[in-house]
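Before any comments, here is the structure.
The values are calculated or read from the model by the stated rules, or taken from the named source; none is laboratory data. All values derive from a computational prediction rather than experimental measurement. Cβ placement follows ideal geometry from the backbone for every residue including glycine, while neighbour counts extend to all protein chains displayed.
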Amino acid sequence: MKRFNQHTLIFSSIIIGFLLAFMFMSSFNTKEEFEDLALGKATVPHFATDSNNINVHYLPKVNANNFLNDLSFYLQNQTILYLGNSQSHSINQKQKNDNTMSGYLFSELIKDSISFLTASIPNANLQEHYLLYNFFSNKIPNLKLVILPVFMDDLRETGIREAYFSSFSKTEHLITDTNQIAQEINSMLTKFKKTNSTTKSNIDNKALNETTQEIVEKKLNDVLESNFKFWGNRKNIRGNYFNLLYKSRNSLFNISSQSTRKMIKNRYEKNFKALNLIIKSALNKNIKILLVIPPIRKDIKNPYDISEYENFKTDINDLCKKYNINYLDFDNIIDGKYWGYSAPTQLFKDKDYDFMHFQAKAHRILADSLKPYILKEINHAL
């Protein structure tokens with residue numbers, strides 16, 4: 001028994017040592033953001049711009065008021081708002097001059113004096129979209145249509161995330177509705193704002209009261225960063241640490257991108273409540289709304305429970321009937337050859353199947369599929 005315990009201790013020490021070494025070495029050449037690490041090298045973020053390189057695609061890590069101020073000219077047009085997740089701003093195997101669905105539609109619709117704007121967040125849940133919708137619908141004077149792709153996978157998420165809405169909180173925007181979800185969102189935004197104010201105050205005070213030791217340490221850090229690559233990349237360790245834990249857990253329990261993702265009932269229901277709030281508000285403001293079941297990869301095992309996925313699609317269809325709004329089922333419009341690979345989800349693998357992000361050719365297909373419905377909805381809104 002004693003020998004067994006010794007062997008177990010030795011084996012455990014080797015494994016832990018290996019993992020720590022792996023984490024340390026891998027931190028030198030990888031990105032800090034966990035979301036970027038999850039995309040992998042094959043898929044890159046791409047945010048659409050106009051011909052003057054002004055962003056027409058919003059990611060809530062910048063102040064939304066600044067985003068709209070830069071687009072004041074376009075806001076004079078009839079405007080469409082597309083609320084998406086990382087599928088909207090990612091291109092698999094990107095080549096020069098490739099664009100996203102958002103970029104293609106903006107460049108084409110602007111010729112008809114229609115401004116197509118996009119706001120997207122990785123793994124965006126419908127509570128986050130409720131906040132974005134509420135902000136933009138109050139700020140865009142000629143908003144005629146909101147397009148909302150509803151991803152079943154994102155209905156497993158809940159709340160608004162500080163990483164994406166910390167900067168947004170600087171807009172001072174709060175939802176004026178009195179429902180519980182609005183109150184929870186407002187509470188979180190207020191908390192983010194206080195955190196930002198406290199952090200800035202602490203930084204300012206620290207800068208004013210820097211000691212000689214702190215000044216020397218700062219200079220030393222600058223020298224080390226400029227001369228030693230590993231020192232400059234030390235901030236990456238945190239992102240790689242979580243990535244390593246993520247892969248280790250998946251390897252231990254044999255979880256991959258194709259593993260079945262079960263729905264979380266209370267989160268599903270809360271997101272559907274948020275979706276109802278978006279639809280009701282849009283209709284009250286005479287804004288058309290179009291729900292879309294987005295493309296999903298069909299040449300590999302579907303990561304959803306089949307019965308849950310079919311129930312989800314039925315729920316969306318029933319909701320559209322309830323409010324008499326249009327609904328598009330695009331889950332099968334992208335051929336398997338236009339999808340690609342993502343970062344590995346397990347240790348000792350170099351890639352995994354990506355069921356969420358596709359190549360630019362697929363973005364073109366999605367844009368072409370959406371365009372006739374957009375023009376139809378816009379014409380009805382006039």
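Which condition from (1) outside any helix (DSSP H, G or I); (2) buried (at least 16 other Cβ atoms within 10 Å of the Cβ); (3) touching a Pro at 6+ places or on another chain (Cβ under 8 Å) is the one that Lys247 breaks?
(1) is the only condition that Lys247 fails.
Can you tell me which of Tyr353, Tyr338, Tyr327 is in contact (Cβ under 8 Å) with a residue 12 or more places away in the chain, among the hydroxyl-bearing types (Ser, Thr, Tyr) and over 25 Å from Ile300 (Cα atoms)?
Residue meeting the stated conditions: Tyr327.
Give the number of residues within segment 78-121 that are in contact (Cβ under 8 Å) with a residue 60 or more places away in the chain, of a type in the set (S, T, N, Q) and farther than 27 Å from Phe168 by Cβ.
Result for segment 78-121: 3.
Have a look at Ser120, Ser115 and point out the one that is touching a strand residue (DSSP E or B) at 6+ places or on another chain (Cβ under 8 Å), among the small types (Gly, Ala, Ser) and more than 30 Å from Ile306 (Cα to Cα).
The match here is Ser115.
Restricting to segment 338-382, and then to whatever is aliphatic (A, V, I, L, M) and over 20 Å from Gln78 (Cα atoms), can you tell me which residue is surrounded by the fewest Cβ atoms within 10 Å (Cβ to Cβ)?
Per the stated criteria, the residue is Leu347.
For (1) closer than 14 Å to Leu117 by Cα; (2) touching a strand residue (DSSP E or B) at 6+ places or on another chain (Cβ under 6 Å); (3) not aliphatic (A, V, I, L, M), each residue gets a yes or a no:
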position	(1), (2), (3)
Phe47	yes, yes, yes
Asp50	yes, no, yes
Ile54	yes, no, no
Leu68	yes, no, no
Gln78	yes, yes, yes
His89	yes, yes, yes
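If Ser342 satisfies every condition in (1) within 21 Å of the chain's Cα centre (by Cα); (2) farther than 22 Å from Tyr104 by Cα; (3) modelled with pLDDT of 95 or more; (4) not charged (D, E, K, R) but one, which is the exception?
Ser342 satisfies every listed condition except (3).
Do we have any residue at all in segment 257-266 that's surrounded by 18 or more Cβ atoms within 10 Å (Cβ to Cβ), of a type outside the set (Asp, Glu) and either over 21 Å from the mean Cα position of the chain (by Cα) or modelled with pLDDT of 95 or more (or both)?
no
Could you grab me the full set of residues in segment 319-342 that are of a type in the set (S, T, N, Q) and in a strand (DSSP E or B)?
Passing the criteria: Asn326, Ser342.
Can you tell me which of Asp112, Asp70, Asp50, Asp98 is under 28 Å from Asp354 (Cβ atoms) and acidic (Asp, Glu)?
Going through Asp112, Asp70, Asp50, Asp98 in turn, just one is under 28 Å from Asp354 (Cβ atoms) and acidic (Asp, Glu): Asp98.
Mind checking which residues of segment 283-298 are in contact with a helix residue (DSSP H, G or I) (Cβ under 7 Å, 6 or more places away or on another chain), surrounded by 15 or more Cβ atoms within 10 Å (Cβ to Cβ) and of a type in the set (A, V, I, L, M)?
Once the filter is applied, which keeps residues that are in contact with a helix residue (DSSP H, G or I) (Cβ under 7 Å, 6 or more places away or on another chain), surrounded by 15 or more Cβ atoms within 10 Å (Cβ to Cβ) and of a type in the set (A, V, I, L, M), segment 283-298 yields Ile287, Ile289, Leu290, Leu291, Ile293.
Pick from Asn286, Asn266: which is assigned to a loop (DSSP other than H, G, I, E, B), farther than 18 Å from Thr178 by Cα and out of contact with any strand residue (DSSP E or B) (no Cβ under 6 Å at 6 or more places or on another chain)?
Asn286
State the number of residues belonging to segment 319-362 that are under 16 Å from Gly84 (Cα atoms) and either hydroxyl-bearing (Ser, Thr, Tyr) or touching a Gly at 6+ places or on another chain (Cβ under 8 Å) (or both).
3
Consider Asp329 carefully, then state whether it is closer than 30 Å to Lys247 by Cα and surrounded by fewer than 20 Cβ atoms within 10 Å (Cβ to Cβ).
Taking the combined requirement at face value, the residue does not satisfy it.
Before we move on, is Leu328 modelled with pLDDT of 95 or more and out of contact with any Cys (no Cβ under 7 Å at 6 or more places or on another chain)?
yes
Within segment 157-167, is even one residue in a helix (DSSP H, G or I), among the small types (Gly, Ala, Ser) and more than 24 Å from Ile293 (Cα to Cα)?
Checked segment 157-167: at least one residue is in a helix (DSSP H, G or I), among the small types (Gly, Ala, Ser) and more than 24 Å from Ile293 (Cα to Cα).
So which residues in segment 149-180 are buried (at least 20 other Cβ atoms within 10 Å of the Cβ) and not charged (D, E, K, R)?
Pro149, Val150, Phe151, Met152, Leu155, Ile160, Phe165, Phe168, Ser169, Ile175
Restricting attention to helices (runs of 4 or more DSSP H) lying wholly within segment 46-144, give those where 3 or more residues are of a type in the set (Ser, Thr, Tyr), at pLDDT 95 or above and touching a helix residue (DSSP H, G or I) at 6+ places or on another chain (Cβ under 8 Å).
Hits in segment 46-144: 126-139.
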